[in-house]
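First the structure, then my questions, so here it is.
Here, each number is a calculation from the coordinates, and none is a lab measurement. Keep in mind the model is a prediction, meaning the values are calculated, not measured. Cβ sites come from the backbone with ideal geometry, for glycine too, and all protein chains shown count toward neighbours.
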Ligand code: ADP
């Protein structure tokens, strides 16, 4: 698939420090595979703690000149990066499908989504406004400056190889901060191609650095980021487990953290819902990226009166999905990212069926890293899928009777990222929206993310928000000026 790149020079396999493509102090490599075929795609520079220190030093050195640019100057450079990302949408999509597995059309969709954060924050770069406050005596004047926080580190996951990077890096750069990115070891090629386009856009040396590392070195690099007194902010998207480790490791340096962690999204369908719309929303929310997003519906709750109609229509649609290599025409579900992910889905489905769930679609592992899109009806609270995030193409459908019962079940989790419900009753829409303990609520909508809304979770789903006019707040510090003797 990579021989099809229109611009073969976008296939970068070394890391980027201070504008130089480097192999790292140890000069070792790690392999990147295509999850659809198991084939090796490339080997990539495997950087370690020494290289991470070098990248942090490069960012620190680049900071004064970058922060000294006006917001408008930074905006113009970011806008160029956006234009280049979009001009290379096909190639970025190919790299993404090859290393991550999502269908090519979906990959190109992610390129547009990922690029949209660069466009949005290019605009926001011009609007990092301060404040003037009323004085407490007439000899003084009170001001608030909003200044870049400093060197930022971004640690990103494999499920959105581009978008999880741009929604951290674009606001950091817009605010005037340099960044060091540690992309997921399973999907570094998209990250490196995006970095090459950043270089072409004129982002100065050291302002954007990419430290590629395998699994073991990622842990070591993460420790360097957390311990560093130069790194002032870490933004992480990934598991709650790793988020807790980063928080712990960051305590000695009292570092500011933005964390976008796991979810366990409920998707509730009430008796008064438009059932066809709910089926469509549930499919989009559950099976996008083969169920591998932190906002995917994990638990579908359907009210008694419409339960049978919903599960019948839902399972019928799921059975029509074409599963296969993301480069094949018509494929809507690609492979899972690794064998362990397939095994987790298998375990959740087996557990649900053993505990009395009714298998209505799929249920089996296929050859390679593929799993059939699966629906199990009559799911119950004692099943693994009720408490754990499956992160795969398995939809358990629970039955409920009252509104309160659905709200209680939906909130019975340590997570609080995305939630969804379908209803046409305006009173219920407000009651349920307010009662759900989640950072985001989709009402009669299964896909809700876009660049100009605040994306993030409550409870153990994380800290902070990405995107929107609030997204830049993570990367600026307020400074209060009290001016006397007027
Ligand atoms: P996922 O469940 O999405 O695979 P992880 O939390 O395991 O998420 O990984 C997300 C990112 O965090 C990846 O870039 C990975 O390399 C990195 N990572 C994993 N473990 C650690 C760690 N202990 N310290 C720092 N980074 C880590």
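Between segment 120-175 and segment 382-458, how far is it from one alpha carbon centroid to the other, in angstrom?
30 Å
Moving on. Ratio of alpha-carbon Rg to the 2.2 N^0.38 Å globular estimate for segment 19-172, to two decimals, please.
1.34
Further, regarding this structure: Once label points are set 7 Å from the Cα along Cα→Cβ at both residue 276 and residue 426, what is their separation, rounded to one decimal in nm?
Between residue 276 and residue 426, the label points sit 2.5 nm apart.
Based only on other Cβ atoms within 10 Å, what is the fewest-to-most ordering of 82, 400?
Ascending number of Cβ neighbours within 10 Å: 400, 82.
So, in Å, what gap is there between the alpha-carbon centers of segment 181-234 and segment 48-65?
Distance between centres, Cα-based: 10 Å.
Next question, about the same structure. When Rg is the radius of gyration of the Cα atoms in segment 396-477 and Rh is its Kirkwood radius, what does Rg/Rh come to?
Ratio of gyration radius to Kirkwood radius for segment 396-477: 1.02.
Hey, what's the Cα Rg ratio for the chain versus the globular rule of thumb, 2.2 N^0.38 Å?
Compared with the compact-globule rule of thumb, the chain sits at 1.00.
On a 0 to 90 degree scale, rounded to 10, what angle separates helix 71-87 from the longest Cα axis of the chain?
40 degrees
Under the definition of Cα pairs under 8 Å and six or more residues apart, what whole-number percent is the relative contact order of the chain?
18 percent
Just the projected area, averaged over all directions, of the convex hull on the alpha carbon atoms of segment 357-437: how many nm²?
On the way: hull surface 25.5 nm².
Over all viewing directions, segment 357-437 projects a mean Cα-hull area of 6.4 nm².
Once you treat every alpha carbon in segment 303-440 as an equal point and sum by Debye, what is log10 I(q)/I(0) at q = 0.13, 0.19 Å⁻¹?
One equal scatterer on each Cα of segment 303-440 leads to -0.64, -1.21.
Let me understand segment 100-140 better: what is its radius of gyration from the alpha carbons, and its Dmax, in angstrom?
Rg and Dmax of segment 100-140, Cα atoms, are 21.1, 64 Å.
Kindly identify segment 127-207 as rounded, prolate or oblate by the Cα gyration tensor criterion: order the square roots of the eigenvalues as a ≥ b ≥ c, call it rounded if a/c is under 1.5, otherwise compare a/b with b/c, prolate if a/b is larger, else oblate.
Since a/c reaches 1.5 and a/b is larger than b/c, the shape of segment 127-207 is classed as prolate.
Rank the residues 50, 313 as a footprinting-exposure proxy: fewest other Cβ atoms within 10 Å of their Cβ go first.
Ordered from fewest to most neighbouring Cβ atoms within 10 Å, 50, 313 come out as 50, 313.
Output the direction-averaged projected area (hull surface divided by four) of the convex hull of the alpha-carbon atoms of segment 279-378, in nm².
Reported value for the Cα convex hull: 6.4 nm².
Oh, and also: Give me 104, 438, 480 sorted ascending by neighbouring Cβ count inside 10 Å, so fewest comes first.
480, 104, 438
Once you have all Cα-Cα distances for segment 31-103, histogram them in 10 Å bins from zero and send the whole-percent values.
Reading the bins upward from 0: 16, 24, 33, 24, 4.
Further question: May I ask for the angle, rounded to the nearest 10°, between helix 163-175 and the longest principal axis of the chain, with both axes built from Cα atoms and the value confined to 0 to 90°?
30 degrees
Over all Cα pairs of segment 83-239, how is the pair count split among 5 Å bins, expressed in % and running from 0 up to the last occupied bin?
2, 9, 17, 20, 18, 12, 8, 5, 3, 3, 2, 1, 0
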